[in-house]
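Each remark here refers to the structure printed beneath this line.
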Amino acid sequence: MFNPINYAFDCYCKVKLPELTKTLHIYDGIDSSIETEEFTIILKTGKTKWVKRKADRNCLSANPEDCLVWCLEEETIPMIYDIVKDTSTTTEWYPYKYTIRAKDQTKKVQVLCKNELTQELLDALKTQLHSLS
């Protein structure tokens, strides 16, 4: 039987993180008795803009302008929705699907090193996988 404790896992590889698709039930009615929850989605416009930000909160200059730096930021638009908590209480909603992507699309994970991959290990893994199906 394969036992991961028996292996050092000194090798790593990058794996692509999956995108998650979620569906929101956006309320589009006027009945205030329907229980909703506010949900904000930040949309990226693909544009950038220069803004002034405080560089260091410990800046001791008498002139506040000396403590600012220019930063290039991505423009975003917040979209605020009322989400129906229980869709059985109303028909005044519509589905909205959106995709969640990780900021870094890859993740470094530990894997078996090539020298640890033996025929005995492959057979043990196959046996375990067959027993799960």
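Coordinate-derived values only; no laboratory data. The structure presented is a predicted model; accordingly, all values stated were derived computationally and were not measured. All Cβ positions, glycine included, derive from the backbone under ideal geometry; neighbour counts span all protein chains shown.
Numbers at a glance
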{"read-out": "Per residue Cα convex hull volume in Å³ - calculated over region 39-133", "value": "297 Å³"}
{"read-out": "Partnerless Cys - the chain, beta-carbon criterion under 4.7 Å", "value": "Cys13, Cys71"}
{"read-out": "Whole-number percent relative contact order across the chain, with pairs defined as alpha carbons under 8 Å at least 6 apart", "value": "44 percent"}
{"read-out": "Under the Karplus curve 6.51 cos²θ - 1.76 cosθ + 1.60, θ = phi - 60°, whole-Hz ³J(HN,Hα) for region 68-78, x wherever Gly or Pro sits", "value": "9, 10, 7, 10, 8, 10, 6, 6, 10, 10, x"}
{"read-out": "Cα-based reach from Lys107 at 24 Å (exclusive), listing lysines while leaving out same-chain residues under 8 positions away", "value": "Lys14, Lys16, Lys22, Lys44"}
{"read-out": "Semi-axes of the equivalent ellipsoid for region 69-115, Cα gyration tensor, largest first, Å", "value": "38, 26, 8"}
{"read-out": "Spatially proximal lysines relative to Lys49 (Cα-Cα < 27 Å; intrachain offsets below 8 disregarded)", "value": "Lys103"}
